[in-house]
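Please treat every number below as a calculation from the coordinates, not as lab data. Just so you know, these numbers come straight off a predicted model, no measurement behind them. With ideal geometry, Cβ positions are generated from the backbone for all residues, glycine too; neighbour counts draw on all protein chains shown.
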Amino acid sequence: MPLLTTYPPLQLDNALTPVSVNRVEINGAFRTRRSFLDPIFKPLVDHGPNSTTTIGDVVDRINVASEKLAQLGVFQEDIRVSIAQALDSPHPTAESLNLTFGVQEKGLLVLSAGTSVGNTEGSAVTHLQLRNILGGAETLTLDASTGTRTRAAYQAALSTPLPSHPTLRLSLEGQRSSVAKPWASHTENLTAGLLRLAWPTPALDKHALVLSTTHRQITSLAPSASPTLRAEAGDSLKTALSHTFTRDRRSGPFPFLPERGYLLRTVSELAGWGPLKGDVSFAKSEVELAAVTPLTTTGGITVSGTFRAGALLPLPFGYGLSGPAAPSRISDRFQLGGPTDVRVFQLGGLGPHDGRDAVGGDVYAAGGVSVTAPLPRVGAASPLRAQAFVSGGRLVALGKGGMAGAVGEMGRGWPSMAAGVGLVYAHPIGRFELNFGLPLVVRRGEEGRKGLQLGVGITFM
């Protein structure tokens, strides 16, 4: 909420008093274009000839304009608004007001270096950001990182809010990375260009629509690489349109350790079909559901459950749905297993293998249940917890039976499962887990691991 002041003292508590707004001034927006700000403040002064505006209406519109300014990300949060009687009005009355918004722009340059956590990986990151570079809340971001698996990654993004919609952002991005994938005996090099449109809903759900072209290269094969992997080595080009929806209603005293609420996330991708070019063509979807609830009113004991599922359906090239479709590639197939999803299994330990190489699958379902509780003598005020968990899943490839056959295969026999106990630490940059577990069910060809397992990430099953 903005800080409101009035001069001379006005009766703002009488919300039904008719008023008019004579003038709106913005002080402190030195680098921001007036043409960009005008649509934000236009509702304060643009009324129909027969409309009646009250003090309550003006205060509501001030709050809306202030919230839009804050959402731009280029102004400090302490926005001040002064309301004064419009003595310069042609017919000065107590009902004619001048509004003055006092803002302070954030610095143009942000440069930082530090660490970040992704699933199964920690990275050192250098971050450079230029804000409001053209006076329309544009942001140019440059990132470079290296990590435990990512040998090098670079990203550049130029984003801008669309007029009158501070939270509707359009960005043009370029990415380049080289990631070692020892569970499949290769390194994958990626070079991508993306056009992203992101927006939240009034209920704070998040949407992102992305058009991307990505060149993938499977290289640096290990001497022991399997025939399946050697057949897929080399270059691949994918053009795809994807949509991500996220509804996160989880909350708690520590980041990455929620105590109540639920999460719903869906990801849909269409690649290589219709006008989309490349040498792969498929439709791919994933859904994730998670919920957590406290078991006691005090004490920090919670139970949480997560379910994830996904399917990849190869499609023929062109605009038809009939005709032969090329098999999926390892760069696009799902991988399952590891300390952040099905615990007590190796990275990529579930699903189809050729020798020791995890070659991925086209259909999967996985889930887990865990109970967390504060440690004795540490208490609920600490982000350190003890946990007990059970997790499991199946990952299969499409065969001659197609999608129906793969879904049927998912239900045959027990899924791979594991159980264990461990410690959880919720750090502001990510979640750390040290678990001791035992595989309960390991299907033929899959790789479980008895004993200790360290997990580092931001999302866990």
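Structural remarks
- Cross-link table LYS206/LYS238; LYS68/LYS106; LYS42/LYS68, entries beyond 20 Å C-alpha to C-alpha: LYS206/LYS238
- For the chain, with +1 on Lys and Arg beta carbons and -1 on Asp and Glu, the positive-most of PRO18, GLY457, PRO166 along the dipole: GLY457
- In the chain, the DSSP-assigned H stretches of four residues or longer account for a calculated mean residue ellipticity at 222 nm of -3000 deg cm²/dmol, using -39500 (n - 2.57) per stretch and the full residue count as denominator.
- Stokes-Einstein D in µm²/s, Kirkwood radius over Cα pairs - the range 115-173 at 37 °C with 0.692 mPa s viscosity: 256
- Among LEU111, ALA388, LEU237 the positive-end extreme of the charge dipole of the chain (Cβ point charges): ALA388
- Difference of contour (0.36 nm per residue) and Cα-Cα distance, LEU289 to ILE301: 2.3 nm
- Principal axis dimensions, largest first and in whole angstrom, of the range 159-221 by Cα: 50, 22, 13
- Rounded if a/c under 1.5, otherwise prolate or oblate - the range 308-461, Cα gyration tensor axes: prolate
- Projecting the Cα atoms of LEU87, GLY323, VAL378 onto the charge dipole of the chain (Cβ charges, centred on the Cα centre) puts GLY323 farthest toward the positive pole.
- For the range 109-457, the relative contact order is 11 percent, taking Cα pairs closer than 8 Å that sit 6 or more residues apart in sequence and dividing their mean separation by the residue count.
- For the range 250-294, size of Cβ-based charge dipole, Lys and Arg +1, Asp and Glu -1, in debye: 120
- Calculated over the range 109-457: convex hull of Cα atoms, volume per residue (Å³): 159
- Fully extending the segment from TYR262 to THR54 would add 70.9 nm, taking 0.36 nm per residue of separation and subtracting the current Cα-Cα distance.
- Comparing the range 69-195 with the 2.2 N^0.38 Å rule of thumb, its C-alpha radius of gyration ratio is 1.61 (two decimals).
- Total charge dipole magnitude, the range 123-220, about the Cα centre, Cβ charges on Lys, Arg, Asp, Glu only, Debye to nearest 20: 220
- Remark: the chain carries a charge dipole of roughly 1260 debye about the Cα centre, counting +1 on each Lys and Arg Cβ and -1 on each Asp and Glu Cβ.
- Relative counts (whole %) of C-alpha pair distances in the range 201-297, using bins that are 5 Å wide: 3, 10, 14, 13, 13, 12, 11, 10, 9, 4, 2, 0
- For ALA397, the residues whose amide H sits under 5 Å from its own are ASP362, ignoring neighbours fewer than 5 places away on the same chain, with H placed 1.01 Å from N.
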